[in-house]
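Quick notes on the structure that follows.
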Amino acid sequence: MEIDIQLTTSPIAGKILPPASGAAGAWLEFRGTVRGDENGQPIAALEYEAYPEMAVREIRRLLETLAAKYPCLAARVIHRVGTIPVGETAIYAGVSGRHRAEAIALLAEFLDRLKQDVPIWKRRAVPAASLERASVSRSKSDSQPVVQAAAGHRPALRSLDEAIAEIHSCCRPLPPVRVSLEESFGRVLRETVRAPEDLPSSDRSTRDGYAMLADDPSENFQIVDSIHAADWKPRSLQRGEAVRVATGATLPCVDLRVVMQEHVERSGNTLRITKREAGLNLRRRGEDMKAGQMLVETGAQLDAGKLALLATAGCARPLVSPRLSVVHFTTGDELVPPEKKPGAGQVRDCNSSLIRGLLQPFQVELEQNHLPENFEAAWARLDLNRIDRADLVLISGGASVGDQDFTRPLLERLGFEIVFAQVDLRPGRPLIFGVNGTRVAFGLPGNPLAHFVCFYFAVATAQARLSGAAAPKFFRGQLAVKLEAAACPRETFWPARLDWNDGSPRLNPLAWASSGDVTCLAAANALLRVPANCPALDVDAELEFLPTAGMLGG
Amino acid sequence: MRVLFFAQLQDVTGCAATELASPSPLNREQLWFFLLEKFPGLDVHRANVRLARNWEYADANTRFGDDDEVALIPPVSGG
């Protein structure tokens, strides 16, 4: 039986097409809708909660069991979760069969057993008159993001693609600044820089030797001048005349060639060519760049090579992204600094080093602090002025308590509106993303591998967007070995190493057992995107990956 | 291991999830022992709660290890 299952926070469509099949003689549909009263009281909506991974599995298991008993052709189940207003569909189930009898039987039994085994809950009724969609986090300017959230409603689980898209749309590039070349390393260029003139600005010798007309067939020459690298001595040459030139010297006119000094015999002011070469031994004017040519495009992160090019082009104060101000808090009373030996139940803090290293290439202004696990004690510790100046706030969750329940109220009290609080991803599911005007915040799940993953797909996306750079993008690569992915119902970011095996790049998945693993981080230079429910991938299978730092550095 | 709480159990524990560390896999009784130590309020719900390990209902023989995702499933009410 063909099975299609969806959990969604969006309204379920009014018309759903049956699967195209010539074999079907029956298409049976059921919609469960939200009634207007609960226990005799009028209500406006019902709030549903699900354990999504398990709910999808259980629905599938149930349908497969029933299909053995009632052979049907296809089943489609859509369960809506979150706040569902009265009158709207909470569950849709459609079954097609060759005949109506088995389709009716399957659907009836499915709906009964759904209410026994599938982890979905009616969480609470929303009384009539209290369901108001609140528009919160209004900023002064219309161009700033405005986040819509339903009051008192826990934001839903996001797919990886949805989460990335939302981060992208909530973060706007910060106003650029002009700084010196020294300060601009690692920043994002916010103007397109063009060549102000041809480079080289004239033909130049690439050898120590003698310049003469390119088409001069003479064998013996009179030396009429000598030109060093810094000289500017324009003149014309006649046949039989040569000029002594140093490497890098500006040639006196066009249409010349240079003969290496090793290929002549010189006596006094005359020389004789002993060997004729095919090459001209010069760099032509405009050979490197032509006036007006685009050199570095807006959005490029300035590295050593690009800075050299800007310097060459005379762009001494480029327009770049401002230095992002980042505050990072670790939480968790079990953390001790790396230099201390952890006692029973304690662990060394590695997330501070991880975050510092991950942000290093972006030249941010970073401040790191530790917060106690007690909410009020943590709140008292916060430097609110510093946080107000931060473009990006990162909170690493504590490992020993339900960290979402600490980070989220903290961010909310700081004025951040929570855009989402979970991503359907392994590791890194409990990722919190909040927005407050132009400032954004992430609550990162406490485990180091989850940090690593969330940094590269989420924090790096926000960083790129705030800086005006292109967001990190996925590449495609091939596996070096078979990957046993164990059919996780969520998409998985699998740490891996891109190696040049036998001359061709191949992705080697690294061993990891839990999101608490740190060992694999030292070797990883890529994160494989393993699809949900994928049991195994063969050698040479192609899949998407995100490059991580160290991919080029080794 | 990560232990998830759903529906009314979140009101009892005050959180959606917690981490439990154990050097060796736990059986059902051992798991409950540690959970009740941390969240005594769960005791009244114990009789009605089913345990799941890695997105499947657990049975009497299931062992819960450090890398598992464990969920406490109170009576469901979907549909």
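Since every read-out is calculated from the coordinates, none of them should be taken as a lab result. Remember, predicted model here, so these are calculated numbers, not experimental data. Note: ideal-geometry Cβ built from the backbone for every residue, glycine included; neighbour counts use all protein chains shown.
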If you put +1 on each Lys and Arg Cβ and -1 on each Asp and Glu Cβ, how big is the dipole of the protein assembly as shown around its Cα centre, in Debye rounded to 20? 880 debye
Rounded to the nearest 500, what is chain B's calculated 222 nm mean residue ellipticity when only DSSP H runs of at least 4 contribute -39500 (n - 2.57) each, over all residues? -6000 deg cm²/dmol
Could you tell me which of A:Ser201, A:Leu213, A:Val177 has its Cα farthest along the dipole of the range A:177-239 towards the positive end, charges placed at Cβ (Lys, Arg +1; Asp, Glu -1), taken about the Cα centre? A:Val177
Run the quick spin-label model on A:Arg98 and A:Arg389: label points 7 Å from Cα toward the beta carbon, then report their separation in nm to one decimal. 7.6 nm
Obtain the nm distance between the two label points defined at A:Lys15 and A:Arg272 by a simple spin-label model: each point lies 7 Å from its Cα along the Cα-to-C-beta direction. 9.8 nm
Give me the net charge of A:Asp231's neighbourhood, meaning all other residues with Cβ under 12 Å from the Cβ of A:Asp231; Lys, Arg count +1, Asp, Glu -1. +3
Only sites in a loop by DSSP and with at most 13 other Cβ atoms within 10 Å count here; which trypsin sites (Lys or Arg not before Pro) in the range A:1-55 make the cut? A:Lys15, A:Arg35
Tensor-based shape of the range A:479-528 (alpha-carbon gyration tensor, a/c under 1.5 rounded, otherwise prolate or oblate): oblate
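Run lengths n ≥ 4 of DSSP H only: what is the helix-derived mean residue ellipticity at 222 nm for chain A, with -39500 (n - 2.57) per run over all residues, to the nearest 500?
Dividing the helical sum by the residues of chain A leaves -6000 deg cm²/dmol.
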Residues of type lysines that A:Lys473 reaches as a straight line, Cα spacing below 29 Å, ignoring anything fewer than 8 places off in the same chain: A:Lys306, A:Lys482
Could you point to the residue in A:Pro338, A:Gly248, B:Met1 farthest towards the positive end of the protein assembly as shown's charge dipole, with +1 and -1 charges on the Cβ of Lys/Arg and Asp/Glu respectively? A:Gly248
Which of A:Leu319, A:Gly292, A:Leu280 sits closest to the plus end of the dipole of the range A:280-334, meaning its Cα is farthest towards the positive end, when Lys and Arg get +1 and Asp and Glu get -1 on the C-beta? A:Leu280
Tell me which residues come under 5 Å, amide H to amide H, from A:Asp424 once H is placed; ignore anything under 5 positions away on its chain. A:Arg158, A:Ser159, A:Leu160
Suppose every K and R has +1 on its Cβ and every D and E has -1 on its Cβ; what is the size of the dipole of the range A:427-497 about the Cα centre, in Debye to the nearest 20? 140 debye
Considering Cα pairs under 8 angstrom that are at least six residues apart, work out the relative contact order of chain A and quote it in whole percent. 12 percent
The rounded separation in angstrom of the Cα centers of the range A:284-338 and the range B:47-61 is 53 Å
Highest average packing first - A:511-517, A:289-295, A:379-385, A:252-258, Cβ atoms within 10 Å: A:252-258, A:511-517, A:289-295, A:379-385
Average beta-carbon neighbours from other chains, 10 Å sphere, peptide A:53-60: 4
Local electrostatic count at A:Ser218 - Lys and Arg +1, Asp and Glu -1, tallied over other residues with Cβ under 12 Å: -1
Cα gyration tensor shape of the protein assembly as shown, rounded if a/c is under 1.5, else prolate or oblate by comparing a/b with b/c: prolate
Let a ≥ b ≥ c be the square roots of the eigenvalues of the Cα gyration tensor of the range A:337-470; is it rounded (a/c under 1.5), or, if not, prolate (a/b larger than b/c) or oblate? rounded
When only DSSP loop residues count, what chymotrypsin sites (Phe, Trp or Tyr not before Pro) in the range A:186-273 have their Cβ near at most 12 other Cβ atoms within 10 Å? A:Trp232
Relative contact order of chain B, please, whole-number percent, based on alpha carbon pairs below 8 angstrom and at least 6 residues apart. 43 percent
Considering only DSSP beta bridges whose two residues both sit in chain A, what percent are antiparallel, to the nearest 5? 70 percent
